1. Out of the stretch 83-107, which residues are within 19 Å of D183 (Cβ to Cβ) and not charged (D, E, K, R)?
2. Before we move on, is D17 outside any loop (DSSP other than H, G, I, E, B) and acidic (D, E)?
3. Report, by residue number, each residue of the stretch 162-178 that is farther than 14 Å from G198 by Cβ and assigned to a loop (DSSP other than H, G, I, E, B).
4. Quick test for you: out of Q155, Q166, pick the one residue that is within 16 Å of the ligand (Cβ to nearest atom) and surrounded by 14 or more Cβ atoms within 10 Å (Cβ to Cβ).
5. Checking T186 against (1) surrounded by 11 or more Cβ atoms within 10 Å (Cβ to Cβ); (2) of a type in the set (S, T, N, Q); (3) part of a loop (DSSP other than H, G, I, E, B), which test does it fail?
6. Quick check on the stretch 192-204: of everything there that is under 20 Å from the mean Cα position of the chain (by Cα) and farther than 14 Å from D145 by Cα, which residue is most open to solvent (accessible area, probe 1.4 Å)?
7. Run down A213, A136 and say which single residue is at pLDDT 95 or above and either acidic (D, E) or out of contact with any Ser or Thr (no Cβ under 9 Å at 6 or more places or on another chain) (or both).
Amino acid sequence: MESYKKMLLANKAWVQDKLSVDPQFFERQATQQRPEFMWIGCSDSRVPAEEITGTQPGELFVHRNVANLVVHTDFNMLSVLQYAVEVLEVKHVIVCGHYDCGGVKNALTRHDFGLINKWLRYIKDVYRLHRREIDAIEDPRARLDRMVEINVMEQVNNLAETSIVQRAWKKFDRPVLHGWIYDLRTGYLKEQACLRPGTRLESIYMFDFWDQAPPPDKP
Ligand code: CO
């Protein structure tokens, strides 16, 4: 059997499986979604967001790209973020990187990969900002691991620097921003960073609405 046909068959089995424990499962799915979490992960096939977090359909609002980047001119990611924060009112946004990330690894070479050079440039910029720390690590694997961790922390900062997140922080005291690392070698997730609503950022990134006093309470 052709491999893709197995997927369609597996889907039929999955539907039966779901219905056998919960006959109304799909009827409920069709009416609404109230996910508590937004997930920004790597496109890597070895990092399936729902499976490694034990979450069910309806629980994760997912965006994935090469090396889990948060690029402030990426309208795709920003649209997902705005919808998640302003409409779905998610409480947490998780950036999940992973060790042995091909995107990060290749960004640290000087090889010409064609179109994707433009995407990998953002990772090269992260390297340049943290070059002293990265270059001081002698073991190549430890160096790449650290680069993956630093990349996630930078992407969490990039999230905090968006007006979408800062407005929600000021008005609604959410979402909490998380940076996690998935270890392909063990299957475990590790918490790398956590920014709570209202965390001070470098002042140039803090929008001026923070300076405005809250409106006085009506008598
Ligand atoms: Co990756």
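The values are calculated or read from the model by the stated rules, or taken from the named source; none is laboratory data. Quick caveat: nothing in here was measured; it's all calculated off a predicted structure. Don't worry about glycine lacking a Cβ; one is built from the backbone with ideal geometry, like all the others, and counts go over all protein chains shown. Only protein heavy atoms, including side chains, enter the accessible area calculation; ligands, DNA and RNA are left aside. Shrake-Rupley method; radii C 1.70, N 1.55, O 1.52, S 1.80 Å.
1. I94, V95, C96, G97, H98, Y99, C101, G102, G103, V104
2. Yes; evaluated as a whole, the condition is true for this residue.
3. Of everything in the stretch 162-178, just one residue is farther than 14 Å from G198 by Cβ and assigned to a loop (DSSP other than H, G, I, E, B), namely T162.
4. Matching residue, one of Q155, Q166: Q155.
5. (1)
6. Result: R196.
7. When all the criteria are applied, what remains is A136.
Matching residues to (1) in contact with a Phe, Trp or Tyr (Cβ under 8 Å, 6 or more places away or on another chain); (2) within 16 Å of the ligand (Cβ to nearest atom); (3) at negative phi:
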{"residue": "D100", "(1), (2), (3)": "no, yes, no"}
{"residue": "G103", "(1), (2), (3)": "yes, yes, yes"}
{"residue": "A107", "(1), (2), (3)": "yes, yes, yes"}
{"residue": "F113", "(1), (2), (3)": "no, yes, yes"}
{"residue": "I116", "(1), (2), (3)": "no, yes, yes"}
{"residue": "W119", "(1), (2), (3)": "no, yes, yes"}
{"residue": "V126", "(1), (2), (3)": "no, yes, yes"}
